[in-house]
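See structure below.
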Amino acid sequence: MVSIPIRMYSAGESASAVSFHLLHAKCKSRLKQQYVCPTDNEIVPRDQMVKGYEFSKDQYVSFTDDEIKAMGQEAQKAIEITEFVPVSQVDPIYFDGGYYLGPEKGGEKAYRLLNEAMKQTGRVALAKWAARGKQYLVLIRPVQNGLVMQQLLYADEVRPLSEVPIGDAELKEPELKLATQLIEQIATDEFHPEHYEDEVRKRYHEAIQRKVEGQEVTAAPEAPRAQIIDLMEALKASLAAKGTTPPPAEAADAESEAATGTEGRSGPRALRAPGARRISSRGKSKG
């Protein structure tokens, strides 16, 4: 029986997208939204609105706020670990939001023990968590000296790859050699997220500031799109742009392929281990 008192912290803060409001073109006043009933052709105030579920085309059943609340999942004071699995067995496509988990006072040793045990076994914990009227599938993984709770999508929320048309294409050895060489030219051994920024959001803010200052905003000329006709030539052009040329043998193979016409085309409160009894804790949700 193991229970670890914890606190939850937001792991990230998504930058707000640039949004625009609808204004009256004549006076630049912000417009107000109104809900109109198409049957009675009248504006409906909020105190006369109810929520409904469409079970068939234009057929609804209505629910009161209390009925919707009764259907929801009651918030739990514990994150219940159900099993431990190898981290390599969880495809990142299932990852959703992430949170840091920190130990509450008195839980430091058990917290550190779970962290070290998962690192040594190479396993992560799958668990259940209920909050905001919903039940979530989560993954708890060790990072450095701490724990991260990764919210997961359910299996029916992830589209199978079989639904994506991929087709068949025959690869030639010279093409693969050039492609791997191109990858190696810009390969690094570490991930540095600080090297990246949202260039589109930055461009929006710069344009908005110019507008505020009374300047005009003009669209930049669209760059011509390159049309890939010969994959080999495209790969060699990419390498050339990086200041690298293919080795002579590979270049000769590429020319040979082209000559024969065979070139390619285009807030929780506690962690509980399996079998543990429910134990309340003093943890507080934060962030």
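Here are the numbers for the structure shown:
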item: Any hit, the stretch 33-52, residues being in contact with a helix residue (DSSP H, G or I) (Cβ under 8 Å, 6 or more places away or on another chain) and among the charged types (D, E, K, R); result: yes
item: Positions within the stretch 58-90 being at pLDDT 90 or above and exposed (fewer than 12 other Cβ atoms within 10 Å of the Cβ), in sequence order; result: 83, 86, 89
item: Residues within the stretch 41-57 that are open to solvent by 100 Å² or more (accessible area, probe 1.4 Å) and outside any strand (DSSP E or B), tallied; result: 6
item: Neighbours by Cβ (under 7 Å, 6+ apart or cross-chain): first from the stretch 39-56, within 21 Å of residue 71 (Cα to Cα); second modelled with pLDDT under 90 and open to solvent by 100 Å² or more (accessible area, probe 1.4 Å); result: 52/60; 53/60; 54/60
item: Flag if residue 118 is within 19 Å of the chain's Cα centre (by Cα) and either more than 30 Å from residue 236 (Cα to Cα) or part of a strand (DSSP E or B) (or both); result: no
item: Residue count, the stretch 77-102 (criterion: charged (D, E, K, R), in a strand (DSSP E or B) and over 13 Å from the mean Cα position of the chain (by Cα)); result: 2
item: Selection status of residue 242, basic (Lys, Arg) and modelled with pLDDT of 70 or more; result: no
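Here's the yes/no breakdown for (1) touching a helix residue (DSSP H, G or I) at 6+ places or on another chain (Cβ under 9 Å); (2) over 29 Å from residue 3 (Cα atoms); (3) surrounded by 14 or more Cβ atoms within 10 Å (Cβ to Cβ):
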site	(1), (2), (3)
104	yes, no, yes
108	no, no, no
115	no, no, yes
127	no, no, yes
139	yes, no, yes
148	no, no, yes
166	no, yes, no
171	yes, yes, no
177	yes, yes, yes
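The values are calculated or read from the model by the stated rules, or taken from the named source; none is laboratory data. Bear in mind that the values here come from a model prediction, so they are computed numbers and not experimental data. Methodologically, a virtual Cβ is constructed for each residue, glycine included, from the backbone with ideal geometry; neighbour enumeration extends over all protein chains shown. Areas reflect the complete protein model, heavy atoms only, side chains present, ligands, DNA and RNA absent. Shrake-Rupley method; radii C 1.70, N 1.55, O 1.52, S 1.80 Å.
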